[in-house]
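The values are calculated or read from the model by the stated rules, or taken from the named source; none is laboratory data. Predicted model, so just to flag it, every value in this text is computed and none were measured. All Cβ positions, even for glycine, are placed from backbone atoms using ideal geometry, and neighbour counts span all protein chains on display.
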Amino acid sequence: MRTRVKLGVAVAAGLLLAGGQAMAKEYKVGVLLPFSGVYAGLGSHIENGFKLGLEHYGADLGENSVTIVRSDTEAKPAASLAKAKKMVLQDKVDVLMGVVSSAVLGGMRDFVHNSGTPLIVANAGNDHMTGEKCSPNIIRVSFSNSQINRPVGTWLANQGVKSAYLMAPDYAAGHQMMEAFKSTFTAAGGKIVGEAYPPLKGTKDYGPYITAAKAAQPDAIYTFFAGGAAITFVKQYHDFGVKKDIPLYGAGFLTSAAYVHVQGEAADGTVAALHYVPAIDTPENKKFQDAYQAAHGKTGSEFAVAGYDAAHLIVQAIKQADGDEEAFKAALSKVQFNGPRGPLRIDPATNNVVQNIYLFKNEFKDGKVVQTILDTIPDVQDAPNGCSM
């Protein structure tokens, strides 16, 4: 499916730019997102944010234009790879954007690396893709799994928390996030008193895991859950009454703006960390939230912001490239700006995003959840972790 986004003045094919030095260029963006299946909601948020970003930042491209070539990955690695190949080899896209699942990103990695076509990652947080499996063609504007959780271990220890019980789904992201937290928490003097990794798929009853965590008597429980699993876990944690004795902390997807309204009162008191919170008080975030809510009738989430910032990045690179294909590719990893999340830049050593991490508290007030920022950890940057460009 193709969507034409006209940016600037429309011109006939072959018309020269002013001065006769360069041709007006149509930039094709291959949007690879899940529009069906378990991650369809996240794909929708990212696409909505991406289109809004094109509206906000792409109106001043002169005679250049942007065309979206859109495809449903279904979050399936084999299908996603086939669709990426079609976009690059047949549709001749200039850049790919999207990818929610780390498994999908892993499956596409070698093709993207060898194709010469850049991929702007708008979600998948697998550490290896900007670590030992990094590529000059893979640029991440979302987060890495370690980046979000590593600062929290030190922060929580500094709040006087001496022991923690860890819980996350049993797959790569869950383990990477818990390992990142564990490394800094223990280095700051904290003690891990237990860990549990429920199956990613099929777990509906977290009661046995919550009971085991309570029995370990930690000062805090630190978790990562996302999507439907996060909604279920937070509600069951509340129902079991554990929160009054053991506070709940976690990576911010636990109480994402995308679905915290569904969790409602159950989210009250939970403290989490993320690279974006709707409560960020800046002109850039107000502009984004006002426009997103007007267009979609709901709060813009971290997923929508990733799409929005991906559009900003691509547009800025187009402006810098002045129609030159190689200059456009080179510019993608050099763009930096202030967006809804705050300052954003790409680390040239890894092609991973460098950004603030926000600690925030969820409070149930007047029938809705209010998220208040407690602390900001600025300019969080991953080590190369085996990356060699």
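Taking the stretch 285-302 as the range and being surrounded by 14 or more Cβ atoms within 10 Å (Cβ to Cβ) and closer than 22 Å to PHE253 by Cα as the test, the residues that pass are ASN285, PHE288, GLN289, TYR292, HIS296, LYS298, THR299, GLY300, SER301, GLU302.
Among the residues in the stretch 302-312, are any acidic (Asp, Glu), in contact (Cβ under 8 Å) with a residue 40 or more places away in the chain and either in contact with a Ser or Thr (Cβ under 9 Å, 6 or more places away or on another chain) or under 29 Å from GLN381 (Cβ atoms) (or both)? Before you say what the answer is, go through the steps one by one.
Taking the stretch 302-312 first, the residues acidic (Asp, Glu) are 302, 309.
With in contact (Cβ under 8 Å) with a residue 40 or more places away in the chain added as a condition, the list becomes 302, 309.
Filter once more, keeping what is either in contact with a Ser or Thr (Cβ under 9 Å, 6 or more places away or on another chain) or under 29 Å from GLN381 (Cβ atoms) (or both): 302, 309.
Yes: one or more hits.
The set of residues from the stretch 235-265 being over 22 Å from SER44 (Cα atoms), of a type in the set (A, V, I, L, M) and surrounded by 23 or more Cβ atoms within 10 Å (Cβ to Cβ) comprises just one member, LEU248. Return yes when THR223 is of a type in the set (Val, Ile, Thr), under 25 Å from PRO378 (Cβ atoms) and buried (at least 16 other Cβ atoms within 10 Å of the Cβ) and no when it is not. Judged against the criteria, THR223 is a match.
This table checks each residue for (1) within 16 Å of VAL29 (Cα to Cα); (2) in contact with a Ser or Thr (Cβ under 7 Å, 6 or more places away or on another chain).
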| site | (1), (2) |
| --- | --- |
| GLU74 | no, yes |
| ASP91 | yes, no |
| VAL100 | no, no |
| VAL104 | no, yes |
| GLY116 | yes, no |
| VAL121 | yes, yes |
| ALA124 | no, yes |
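Out of ALA349, ALA310, one residue alone is in contact with a Cys (Cβ under 8 Å, 6 or more places away or on another chain) and either farther than 21 Å from VAL95 by Cβ or among the small types (Gly, Ala, Ser) (or both). It is ALA349.
Meeting the requirement of 3 or more residues that are farther than 25 Å from LEU42 by Cβ, the strands (runs of 3 or more DSSP E) wholly within the stretch 285-389 are 368-380. Is there a residue being closer than 24 Å to ILE231 by Cβ, crowded, with 18+ Cβ neighbours inside 10 Å and out of contact with any Phe, Trp or Tyr (no Cβ under 8 Å at 6 or more places or on another chain) anywhere in the stretch 371-388? No, that holds for no residue. Among residues of the stretch 163-183 that are outside the structural domain of ALA215 (by TED's automatic domain parsing), none has a Cβ under 9 angstrom from a residue that is surrounded by 22 or more Cβ atoms within 10 Å (Cβ to Cβ) and in a helix (DSSP H, G or I) at a sequence gap of 6+ or on a separate chain. If a residue has to be loosely packed, with under 15 Cβ neighbours inside 10 Å and in contact with a strand residue (DSSP E or B) (Cβ under 6 Å, 6 or more places away or on another chain) to count, how many in the stretch 310-336 make the cut? Residues in the stretch 310-336 being loosely packed, with under 15 Cβ neighbours inside 10 Å and in contact with a strand residue (DSSP E or B) (Cβ under 6 Å, 6 or more places away or on another chain): 1 in total. Identify all residues within the stretch 118-136 that are outside any helix (DSSP H, G or I) and out of contact with any strand residue (DSSP E or B) (no Cβ under 6 Å at 6 or more places or on another chain); write none if there are none. Answer for the stretch 118-136, where residues must be outside any helix (DSSP H, G or I) and out of contact with any strand residue (DSSP E or B) (no Cβ under 6 Å at 6 or more places or on another chain): ASN123, ALA124, GLY125, ASN126, GLY131, GLU132, LYS133, CYS134, SER135, PRO136. Scanning the stretch 82-109 for residues that are surrounded by fewer than 23 Cβ atoms within 10 Å (Cβ to Cβ) and farther than 24 Å from GLU326 by Cα yields ALA82, SER102, ALA103, GLY106, GLY107. In the stretch 160-175, is there at least one residue being of a type outside the set (Asp, Glu), within 19 Å of LYS361 (Cα to Cα) and surrounded by fewer than 22 Cβ atoms within 10 Å (Cβ to Cβ)? Yes, the conditions are met somewhere in the stretch 160-175.
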